[in-house]
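Each value in this text was obtained by applying a stated rule to the coordinates, not by laboratory testing. Values in this document were obtained by computation on a predicted structure and should not be read as measured data. Heads up, the Cβs are rebuilt from the backbone with ideal geometry, glycines too, and the neighbour counts pull from every protein chain shown.
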Amino acid sequence: MDQAKPLPRISPDNQAFWAGCKRHELVLPFCTACGKPHLPPGPVCPFCLGDTLEWRRASGHGVVSSWTVVHQPWFPAFKADLPYNVVQVELAEGPRLTANLVGAPNAVLRVGLPVEVVFDDVTPDVTLPRFRPLTP
Ligand code: ZN
């Protein structure tokens with residue numbers, strides 16, 4: 001059985017997010033009714049049930065709210081990094097976002113650690129967001 005995990009599925013609903021990753025920009029859907037960002041992008045805003053949104057750049061800064069150690073790669077390109085840490089980040093501007101953490105030894109990893117999003121071209125076709133400690 002092939003253990004390789006599929007690459008992220010790009011659907012019409014989240015194409016703007018992945019297109020932003022290719023430009024190394026965090027692009028999130030913001031509700032046009034209440035102004036709050038939300039992922040997944042549809043079909044309605046979880047805060048006000050508004051059904052229209054616009055995609056805008058977000059800062060990508062936030063703090064770690066939880067993490068886990070991954071022993072099976074989420075993507076084939078990450079296999080050489082095993083085991084690695086995946087963090088859930090409470091974005092300053094946006095929802096919680098889950099991605100790999102790089103550049104942070106376990107000794108400094110903690111809830112509340114300030115991080116920023118970075119982008120890695122893991123294949124010629126796929127760019128994924130990751131987090132690294134925010135440099136003051
Ligand atoms: Zn809303």
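Choose one answer from THR32, THR123, THR98: the residue with the largest mean-square fluctuation in a GNM of the chain with alpha-carbon springs under 10 Å.
Result for the chain, Cα springs under 10 Å: THR123 fluctuates most.
Among PRO29, ASN85, TRP18, whose Cα sits farthest toward the positive end of the charge dipole of the chain (+1 at Cβ of Lys/Arg, -1 at Cβ of Asp/Glu, about the Cα centre)?
Looking along the dipole axis, the top candidate is ASN85.
In deg cm²/dmol, rounded to 500, what helix-only [θ] at 222 nm does the chain give when every DSSP H run of at least 4 residues adds -39500 (n - 2.57) and the total is split over its residues?
Values: 1 runs with 8 residues, N = 136.
Per the formula, -1500 deg cm²/dmol.
Using the 10 angstrom Cβ neighbour count as an exposure proxy, how do LYS79, LYS36 rank, fewest first?
In increasing order of surrounding Cβ atoms, one gets LYS79, LYS36.
At a 4.7 angstrom Cβ threshold, list every cysteine in the chain that has nobody to pair with, or say none.
Those would be CYS21, since no other cysteine Cβ in the chain comes under 4.7 Å of theirs.
Stokes-Einstein at 20 °C, 1.002 mPa s, Kirkwood radius from Cα pairs: D for the chain in µm² s⁻¹?
D = 136 µm²/s.
At 7 Å along Cα-to-Cβ for each site, give me the label-to-label distance between ARG56 and ARG23 in nm.
That separation, rounded to one decimal, is 1.5 nm.
Which of ALA77, ALA99, ALA16 moves the most in a Gaussian network model of the chain with Cα springs under 10 Å?
Top of the fluctuation ranking is ALA77.
Could you list log10 I(q)/I(0) for the range 61-133 at q = 0.17, 0.23, 0.24 Å⁻¹, which the Debye formula gives when each Cα is one point scatterer?
Evaluating at q = 0.17, 0.23, 0.24 Å⁻¹ gives log10 I(q)/I(0) of -0.59, -1.04, -1.11.
What does the extension gain come out to for SER65 and ALA92, with contour length at 0.36 nm per residue minus their alpha carbon separation?
Working: separation 27, 0.36 × 27 = 9.72 nm, distance 1.20 nm.
Stretched out fully, the SER65 to ALA92 stretch lengthens by 8.5 nm.
Provide, as a two-decimal number, the C-alpha radius of gyration of the range 15-58 over 2.2 N^0.38 Å, N being how many residues it has. Walk me through the intermediate numbers first.
Working: Rg = 10.2 Å, N = 44, 2.2 N^0.38 = 9.3 Å.
So the range 15-58 has a normalised radius of gyration of 1.10.
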